[in-house]
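The values are calculated or read from the model by the stated rules, or taken from the named source; none is laboratory data. Computed from a predicted model, the values in this text were never measured in an experiment. Ideal geometry is used to build each Cβ from the backbone, glycine not excepted, and the neighbour counts take in all protein chains shown. The accessibility values were calculated without ligands, DNA or RNA, using every heavy atom of the protein model including side chains. Shrake-Rupley method; radii C 1.70, N 1.55, O 1.52, S 1.80 Å.
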Amino acid sequence: KMAPLVARCCLAGLRSIPVVFIVAVIVWSYYAYVLQMCAWTVENTGEKVIYLVLYHPLLFMFAWAYWKTIFTPVGTVPKEFYLPPADLERFEHADNEDIQRDILVKVVRERNLPVQCRTNSGAIRYCEKCKCVKPDRCHHCSVCGACVLKMDHHCPWVNNCVCYTTYKFFVLFLGYALLYCLYIAATSAQYFVKFWTKPENSTTKIMVQFLFFVAGMFGLALIILLGFHIFLVHKNRSTIESFRAPIFRGGPEKDGFNLGRNNNFIEVFGEEKKKWFLPIFTSCGDGVMYPTRLAPGNSYSSMDTSTPTGATSPFQNNKSVNDSETLLGRQQKYLEEGVTEPPINNAVFDNQGVTFQDEFTKM
């Protein structure tokens, strides 16, 4: 019993190394900028005050967004999506794939689960590890050990899954980190040039030059990463969906969840403009039900899908259970597969979310 515990602790420690590195860089940059540059290099008092007054709010927003990205719990699958014990027993002992499909259809139909997703073979997506039906845009994270709602990717630099509950925080973290780097690079540029043209063996001058290099290096990387995620928000795709298009009943459709630029932005940042650029959760929906562009009159501005802070989703979260092998599960072991869209006339959007009528009678 001690060996697995020690192994888990060691693994957790290793996963924390990238976060510790980023925090160390932030702490060092504060020392280098505030003391080495502003206090000991900048001679004009007014210039010092302006630099420090603008620097600290930017650092605060950067640190706040980073904190929220790291420590916000990931969205996990509600308990309604887990197979009942009797159905799970039948599912695991089924002789063929058709029986397993029938069991999943029965569970989805009886519980009125709002799943539009399918595998390439047309089956309802099922996680063999968590023993649950996968909600739309949900994928299993091997690092977290659970199915995660609207999973984008697992980021080692935040030691957390970027998903439905953390995606806004992650984008803001990238944005404020970029502004932080650009601000430091812009304000230290003149002193970098000055010290570069007149080199001296001074700790302060070397520190300021290195500060400029580090800010520029991280800034270039962040421009690329932030630009990619701005594109994903614009198209309403996750990183997984950008590399593997969702599969609807009519075939793959990479823009299946694209509701238009405005609605795509609202889905991530919410409808309260004053909170758009604050690391406060304002994303629309509950992480389980998603409107699609294939359904008429489908937009977040016409749907009351936001979940206020402290409120609960219509579905309650549940933890994953142990691993097992199944006929359908073996096909999904190494490949997360796309989604299937029910016919438009079967999808009904109302103020409570999405429901489906008679979806499985036509399969």
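Points to keep in mind about this one:
- Condition met for residue 48 (part of a helix (DSSP H, G or I), charged (D, E, K, R) and touching a residue at least 40 places away in the same chain (Cβ under 8 Å)): no
- When residues of the stretch 270-298 are limited to those that are within 16 Å of residue 258 (Cα to Cα) and either touching a helix residue (DSSP H, G or I) at 6+ places or on another chain (Cβ under 6 Å) or among the aliphatic types (A, V, I, L, M) (or both), the one modelled with the lowest pLDDT: 295
- Within the stretch 76-103, the set of residues being part of a helix (DSSP H, G or I), in contact (Cβ under 8 Å) with a residue 40 or more places away in the chain and touching a Phe, Trp or Tyr at 6+ places or on another chain (Cβ under 6 Å) comprises 80, 100.
- For the stretch 238-253, filtered to residues that are closer than 20 Å to residue 123 by Cα and surrounded by fewer than 16 Cβ atoms within 10 Å (Cβ to Cβ), the residue that is farthest from the chain's Cα centre (by Cα) is 250.
- Any hit, the stretch 165-176, residues being open to solvent by 10 Å² or more (accessible area, probe 1.4 Å) and free of Cβ contacts under 8 Å to residues at least 40 places away in the same chain: no
- Flag for residue 108 being modelled with pLDDT under 90 and open to solvent by less than 40 Å² (accessible area, probe 1.4 Å): no
- Check on residue 89, within 30 Å of the chain's Cα centre (by Cα) and either over 30 Å from residue 276 (Cβ atoms) or among the acidic types (Asp, Glu) (or both): no
- Residue 123 vs. criteria open to solvent by less than 10 Å² (accessible area, probe 1.4 Å) and at pLDDT 95 or above: no
- Some residue of the stretch 160-181 being part of a helix (DSSP H, G or I), under 18 Å from residue 70 (Cβ atoms), among the hydrophobic types (A, V, I, L, M, F, W, C) and in contact with a Lys or Arg (Cβ under 7 Å, 6 or more places away or on another chain): yes
- Any hit, the stretch 130-142, residues being under 30 Å from residue 34 (Cβ atoms) and open to solvent by less than 20 Å² (accessible area, probe 1.4 Å): no
- When residues in the stretch 1-49 are screened for being open to solvent by 70 Å² or more (accessible area, probe 1.4 Å), within 22 Å of residue 63 (Cα to Cα) and not hydrophobic (A, V, I, L, M, F, W, C), 3 of them pass.
- Some residue of the stretch 222-237 being open to solvent by less than 40 Å² (accessible area, probe 1.4 Å), closer than 26 Å to residue 292 by Cβ, at pLDDT 95 or above and among the aliphatic types (A, V, I, L, M): yes
- Output for the stretch 74-86, where each listed residue is within 23 Å of the chain's Cα centre (by Cα) and either surrounded by 14 or more Cβ atoms within 10 Å (Cβ to Cβ) or more than 29 Å from residue 145 (Cα to Cα) (or both): 74, 75, 76, 77, 78, 80, 81, 82
- Flag for residue 114 being open to solvent by less than 30 Å² (accessible area, probe 1.4 Å), out of contact with any helix residue (DSSP H, G or I) (no Cβ under 6 Å at 6 or more places or on another chain) and not small (Gly, Ala, Ser): yes
- Of all residues making up the stretch 58-73, the number that are closer than 9 Å to residue 170 by Cα and open to solvent by 50 Å² or more (accessible area, probe 1.4 Å): 1
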